[in-house]
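Asker: Encoded as structure tokens, here's the structure I'll be asking about.
Just so it is clear, none of the values below were taken in a lab; they were calculated from the coordinates. Model, not experiment: these values are computed from the prediction. Because the Cβ atoms are built from the backbone with ideal geometry, glycine has one as well, and the counts that use them run over all protein chains shown.
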Amino acid sequence: MWKRSSFRAMVVASPLSAPEKGWTVTRKTAIYHSQSVRGHVTSKYVSYERSREQRMPELFRAAKAATMTPDAPVIEDAAIIAHQGIIREVGTYRDLAPSFSGTITDLGDITLTPGLINAHSHLELAHLRGKCPQGAGFVTWVENLLQQPIFDLDEDELDKAVDELKRSGTVMVGDIATRFAKQMAGVLEASGLFFAVFVEAIGETIPKKTFIPKGEYENGLLSVAGHSLYTTHRDVLRAAKAEATQRSIPFSIHLAEHDEEVAIMADRESEFLDLLQARGRLLDFVAPQKRPVEQAAELGLLDETTLAVHCVKVTDEDIQTVRDSGATVCLCPRSNEYIGVGRAPWEKWLASGTPLCLGTDSLASNYDLDLWNEAVYLKKNFDGELSFEQLLAMVTRNPANILGAGQYLGTLEPGKRAVFATVPDTISQLF
Ligand SMILES: [Zn+2]
């Protein structure tokens, strides 16, 4: 089981990898054929699921396989042999087929990839799809969000969201839970998706014992995230990060998302600070007079087990600070566009060598949870070269590593889980 004990082992050795014990997750092989249509709709979903009792190994043949193993080329006329939910061999059909005895499934003219990983979502907000204003800026967006029934979980909408994740080839999420972490973990566990659910620390109170409720799951774990530098007290952030470090689990935080955050940190006038203080928040807030990334580094929040989300408002020096810390950055391009906060310097992030992920963020700030659509948006708006491999790494290998699942997901290699996605036409056409 992916219990904390095994997760700890996974994280301690070479950041977030090399577990002593593996998952004993549901032994199934799943392939998600995703077909995105005109940017925002996913229309075709076929999955093959094999039971754990499956005796015979199975060979999947595909025109191409992008294994995402570092530096490995895309395999033409690929074959992947899986048994009981685990990848056993990866190679060409010509090499593997002659000595194979078992079931052969020919997937035809498709490109197989590792199942996708959405590094940042808020499934609690699944019922707010289409309810919050687009492009009006962060303050208007938050004011509107706060008038919504944010804590009214809607099971039907949650089911729809989970189904949407699967339909678009997503096999794992890094999900932020403000109030319902255990429920979210329960929903995800039942769905068969892998997950890291982050309990979100917000406000001024450090819990007496732990940020993270007890719970052991077959397909994921609970961890802790700070909401932000301006809504979570610095001592709470330090304590949350310390607990994550002590447990060797990933930590996450929204960082440098919008101009208001920069202004609040710098002690400049801020409409957003006024809004928060009118609600009784941050009344004794002392601005550090630093940029957000500087402050996060100062508080000791950035290291190899931190996932910093957004990182839109950053200087060249900030990018270097994050790069040197070893932290991973999750870009949420469509969420930033939806809210109207501007766009992260994607090109500089990529050039810096910082590990990058993609996240859809919540349905209060995005149109859907389709990670392929996020990738299409990034590629179309990227200024300069962004290779297929670089783009795919953001939704496979990199998030697997930072979410502690690098030993099981993220690449197509022997020993990893046999959960695959197929590349939709909307992506293939771009390369
Ligand atoms: Zn978020």
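Asker: Just subtract the alpha-carbon distance of VAL286 and ASN381 from 0.36 nm times their residue separation and send over the number in nm, one decimal. Can you show the working numbers first?
Answerer: Details: separation 95, 0.36 × 95 = 34.20 nm, distance 3.77 nm.
Additional length available on full extension: 30.4 nm.
Asker: Using a cut-off of 20 Å between alpha-carbon atoms, which aspartates and glutamates can reach LYS208, once sequence neighbours fewer than 8 places away in the same chain are excluded?
Answerer: Result set, ordered by chain and number: GLU200, ASP235, GLU243.
Asker: For ASP156 and GLN134, what is the calculated FRET efficiency with R₀ set at 30 Å and r taken between the beta-carbons, to the nearest 0.05?
Answerer: Details: r = 24 Å, r/R0 = 0.79.
It comes to 0.80.
Asker: I've got another one for you. So what does the Cα-only Debye profile of segment 116-403 read at q = 0.11, 0.16 Å⁻¹, as log10 I(q)/I(0), no solvent term?
Answerer: -0.58, -1.38
Asker: Going down the list LYS348/LYS380; LYS160/LYS241; LYS166/LYS416, which pairs span over 28 Å between their C-alpha atoms?
Answerer: Working: LYS348/LYS380 16 Å; LYS160/LYS241 33 Å; LYS166/LYS416 19 Å.
Correct reply: LYS160/LYS241.
Asker: Ok, one more. Report, in whole Å, the centroid distance computed from the Cα atoms of segment 178-243 and segment 260-332.
Answerer: What the calculation gives is 20 Å, centre to centre.
Asker: Here is a follow-up. By how many nm would the segment from LEU275 to GLU413 lengthen if fully extended, with 0.36 nm per residue of separation less the alpha-carbon distance?
Answerer: Length difference between fully extended and current span is 44.7 nm.
Asker: Arrange the peptides 225-237, 401-413, 136-148 so that the one whose residues have, on average, the most other Cβ atoms within 10 Å appears first. All intermediate terms of the calculation are to be shown ahead of the outcome.
Answerer: Numbers: 225-237: 22.0, 401-413: 25.2, 136-148: 15.8.
By packing density, highest mean first, the sequence is 401-413, 225-237, 136-148.
Asker: Now for a separate question. Once both labels are modelled 7 Å past Cα along the beta-carbon direction, what's the LYS209-GLU389 spacing in nm?
Answerer: In this crude label model, LYS209 to GLU389 measures out at 4.9 nm.
Asker: Using Cα pairs under 8 angstrom and six or more residues apart, how large is the relative contact order of the chain, in percent? Write out the running numbers ahead of the final one.
Answerer: Working: 1019 pairs, mean separation 99.8, N = 431.
About 23 percent, as a whole number.
Asker: Something else about it: What's the ranking of 58-66, 281-289 by average number of surrounding C-beta atoms within 10 Å, highest first?
Answerer: Details: 58-66: 21.3, 281-289: 13.1.
Final packing ranking: 58-66, 281-289.
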